[in-house]
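First the structure, in the form of C-alpha cells, and then the observations on it.
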Amino acid sequence: MDLFKIISDIEKVDPEIYERLDSRRRVFKHFGLAGKAVTAAVLPGLVSGLFTRAYGQTTALPADIVAVLNLALSLEYLEYYFYDSGLKAPNLIPTADRPAFEKIRNDESGHIKVLRGALGSAAIPDPTRAAFDYSGGRGSGTGPFAAALINNYALYLGSSQAFVDTGIRAYKGGAPTLMPNKDILEAALNIHSVEARHSSHVRTVRRGLAASQSGQAATTVAGDLSNLNARPKSWISGTDNGGPSPTTNPSTAPTYGPGNPATGASTAIIFPAENNTLQAGVEISTIAGLNAAAASEAFDEPLDAATVKSIARNFVNATVAPNLFV
C-alpha cells in the first residue's frame, strides 16, 4: 500500500484533503516521525485514522448517508472496471484517445479511495471485475452491448456515456441526504463535477467518431438535435432521444427519463426526466430567447436510488454478485 499515492489520488478529487488532515508541512512531519514504525501491518490502520480525521467520522455515519455513499461507491466500481477493461482490450481504444481514458479510469480509482475512506468499515467490499457483465446480459455475456469491450469503439463510447450520466444523476439525487455532513457533501460534489467533465469528453469523442473526426477536430463537430443518439451535445439536451441505445434491452432511455416520484408537491423531493423545464415553480421555456431544448439544457435533474439501481443491475453478473445494486 503506497500511502502517498493514495493521498495524491484523493487530492485530485478533494483538493482540501491536506487541510482536512492538517497543514501539509505537519502531515509530512508526522509521517517522518513515524519512520520505521509505519510498517505494512499498521499502514491500513493509519490510513483509516487519517480518513477519520479528514472527514470527521468519530462516530458511525447515519444509515441513510451510508446507503447513499455505498451506492455511489458501487457505481464508481462499475465505471472503474469498465474503463480498465476497455484499456486492456486489444485494439479497442485508438492510441490518440487512450490518455484521456487512462485519466478517467484513474479518476474513478481516486473516487473509490475517497468514498471508502469516508465510509470506513461500512464500505462494501470491492466487488471485483467478475461482478460486472458489461454486455447488459446480467451474467450471460450476450447482452446487446457485448461488442463494446471487444471490437466496437462506438458502442464502448455509448456505454461509457450512459454509465457516467447515470452516476451524475445519482450523486445529485443523493445530495439532500448528505447535507447534514458538510465534509462528505463537499467531497461528493467534487466527484460529481469531475464526472460531468468525463461525460462532456465522452460526448465530444462520440460526435467526432460519428463525423469521422478525432482529436482536436472532434471538438468542432456540433451536436445534432435530430440525432442525439449518435451525435450528442456536450451536455444533456431534453432526454437525449433516449441516449446512445434507446431501443435495446436493456435500454439507455431510463438514464434520461423520470425517477420515482417524478412529480409532487413543491416541497417534495421529486425526480423529473431530463427534459424538465419547470424549475422552482418557474417555467424556464417561457423566458425570452429560450426554447424547450435550451431550457432543459440549463438544468440537470437528480435520479432516485431505486431507479439508479434498476439501471445498474442490468450490468451485474447476478450469479457472482447477486446483492449488488439491490
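The values are calculated or read from the model by the stated rules, or taken from the named source; none is laboratory data. Bear in mind that the values here come from a model prediction, so they are computed numbers and not experimental data. Positions of Cβ are backbone-derived with ideal geometry, glycine not excepted, and every protein chain shown enters the neighbour counts. With ligands, DNA and RNA removed, areas are computed over all heavy atoms of the protein, side chains included. Shrake-Rupley method; radii C 1.70, N 1.55, O 1.52, S 1.80 Å.
In a simple Cβ point-charge model (Lys, Arg +1; Asp, Glu -1; nothing else charged), segment 181-326 has a dipole of about 440 debye relative to its Cα centre.
Counting only protein heavy atoms and a 1.4 Å probe, segment 223-323 has 49 square angstrom of accessible area per residue. Residues whose amide H falls under 5 Å from that of residue 132, counting only those 5 or more places apart or on a different chain, are 317, with hydrogens built in the peptide plane.
Keeping all protein chains in place and using 1.4 angstrom, which order do 197, 169, 105 fall into by accessible surface area, from largest down?
Reading off the accessible areas and sorting them downward yields 197, 105, 169.
Model label points for residue 186 and residue 130, set 7 angstrom from Cα along the Cα-to-Cβ axis, are 4.1 nm apart. Principal semi-axes of the equivalent ellipsoid, √(5λ) from the alpha carbon gyration tensor of segment 189-274, are 27, 16, 10 Å from largest down.
Each residue of segment 243-257 was assigned a 3J(HN,Hα) from its phi angle through the Karplus expression (A = 6.51, B = -1.76, C = 1.60, θ = phi - 60°), giving x, x, 9, x, 9, 7, 10, x, 9, 8, 4, x, 4, 10, x Hz with x at Gly and Pro.
Rounded to the nearest whole Hz, the Karplus-based 3J(HN,Hα) values (6.51 cos²θ - 1.76 cosθ + 1.60, θ = phi - 60°) of segment 138-153 follow the sequence 6, x, 6, x, 10, x, x, 10, 4, 6, 4, 10, 10, 8, 10, 5, with x at glycine and proline. Under 5 Å from the amide H of residue 137 lie the amide H atoms of 142, 143, each residue being 5 or more positions distant or on a separate chain, with H modelled from the backbone and absent for Pro and chain starts. Taking a ≥ b ≥ c as the square roots of the eigenvalues of the alpha-carbon gyration tensor, segment 100-164 is classed oblate because a/c is 1.5 or more while a/b is no larger than b/c. Over all distinct Cα-Cα pairs of segment 72-114, the Kirkwood formula returns a hydrodynamic radius of 10.5 Å. Restricting the calculation to Cα atoms, segment 73-181 yields a radius of gyration followed by a Dmax of 14.8, 47 Å. Seen from residue 230, the other residues with C-beta closer than 14 Å to its C-beta sum to a net charge of +3, counting Lys and Arg as +1 and Asp and Glu as -1.
Local charge for residue 174 was computed over the other residues whose Cβ lies under 14 Å away, with Lys and Arg +1 and Asp and Glu -1, and equals -4. A probe of 1.4 angstrom, applied to the heavy atoms of all protein chains, finds residue 236 with accessible area near 20 square angstrom. For segment 60-77, backbone phi angles converted through the Karplus equation (6.51, -1.76, 1.60; θ = phi - 60°) give residue-by-residue couplings of 4, 5, x, 4, 5, 5, 4, 5, 5, 5, 6, 5, 4, 5, 4, 5, 5, 5 Hz, Gly and Pro being listed as x. Amide H contacts for residue 279 (H built 1.01 Å from N in the peptide plane; partners 5 or more residues away or on another chain; cut-off under 5 Å): 284.
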